[in-house]
Ligand code: 15L
C-alpha cells in the first residue's frame with residue numbers, strides 16, 4: 001500500500017512499531033503510545049489502520065496490540081478531529097461461517113459475526129468500536145473484511161478470498177473517498193470467479209475490482225487437489241484458523 005496508494009494521489013504519513021525500511025520519515029512507535037499516536041494523526045485527512053498483529057497470537061498480545069491499540073487510535077482520531085478511518089478487519093471476524101455451496105447464495109455482509117480466533121475476535125471488536133465512534137463521535141469508518149491480500153493466491157482457499165494488492169488499493173481509495181459512509185462493513189476481495197461472499201457493499205462505495213484469481217486455479221488445483229467440503233478445514237470461511245488448536249494465554 002505504501003507504493004500503491006500514492007498512485008491514487010495520496011501523501012502518506014507512516015506509523016509502525018518497527019522502523020520502515022527506506023522510509024526515514026516514518027514514525028516508529030507502539031500503537032499504545034498515545035502521545036506519538038496523537039502527533040502522528042494530527043492534521044491528516046484520514047487514517048488507514050493496518051497496524052497490529054495480523055495472525056493468531058496469545059490473548060494478551062492480541063489484547064495489547066489489536067484491542068487496546070485500536071481503541072487508542074480511535075481516541076487519537078477523536079482528539080485530533082480526524083473524520084474518516086479505513087479499518088483492516090478480516091474474514092476471520094466471520095471465520096466460522098460455513099462456506100456457501102457451489103450454487104448457493106453468497107455470504108451477505110450482515111451475516112452474524114463468528115470469530116475463529118482471538119485475532120478474529122479483535123477484528124470483531126474493531127468493527128464494534130468503529131460503530132461506537134460513528135454513533136457517539138461522528139467518526140466515519142469503512143471496515144474492510146480483507147480476504148487474503150498477497151501478490152498471488154497460494155492455496156485453493158485463496159482462489160475464493162484473494163484480494164490482489166492493486167484491487168486492495170482500489171478498495172481503500174473507494175473507502176477513503178465515498179461520501180457518507182457512516183460505519184460501513186465491506187468484504188475485501190478481487191472479482192474472483194470462485195467468490196464466496198457478496199461484494200455489493202464494497203461496489204456501492206465505488207469499488208470496481210479488476211483482478212480475478214481464476215488464472216491461478218488450474219495450477220493450484222493440480223498441486224493441492226479439489227478441496228473435500230467435509231473436511232472442517234475446507235467447510236468454513238476461516239479455513240485452518242478454525243481447526244488449529246487455540247493459543248492459550250501464558
Ligand atoms: C488474515 O486476516 C491475515 O492477516 C492474513 O495473513 C491471512 O492469513 C488471511 O487472513 C487469510 O485468511 O488468508
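Derivation of every value follows stated rules applied to the coordinates shown; laboratory data play no part. As the structure is a prediction and not an experimental result, all values here were calculated from the model. Here the Cβ positions follow ideal geometry from the backbone for every residue, glycine too, while neighbour counts run over all protein chains shown.
Quick notes
- Answer residue from the stretch 229-242, given it is in contact with a strand residue (DSSP E or B) (Cβ under 8 Å, 6 or more places away or on another chain) and not in a loop (DSSP other than H, G, I, E, B) and is farthest from residue 91 (Cα to Cα) among those: 235
- Residue 16 meets each of the listed conditions (1) farther than 23 Å from residue 236 by Cβ; (2) more than 16 Å from the ligand (Cβ to nearest atom) apart from (2).
- Those residues of the stretch 183-204 which are more than 21 Å from residue 159 (Cα to Cα) and either buried (at least 21 other Cβ atoms within 10 Å of the Cβ) or out of contact with any strand residue (DSSP E or B) (no Cβ under 7 Å at 6 or more places or on another chain) (or both), in sequence order: 185, 204
- Per-region count, the stretch 3-47, residues assigned to a loop (DSSP other than H, G, I, E, B) and within 24 Å of residue 139 (Cα to Cα): 16
- For the stretch 128-155, taking the residues that are within 16 Å of the ligand (Cβ to nearest atom) and surrounded by 20 or more Cβ atoms within 10 Å (Cβ to Cβ), the one that is nearest to residue 4 (Cα to Cα) is identified as 149.
- Residues being in contact with a strand residue (DSSP E or B) (Cβ under 9 Å, 6 or more places away or on another chain), in contact (Cβ under 8 Å) with a residue 24 or more places away in the chain and over 17 Å from residue 87 (Cα atoms) - total across the stretch 11-34: 1
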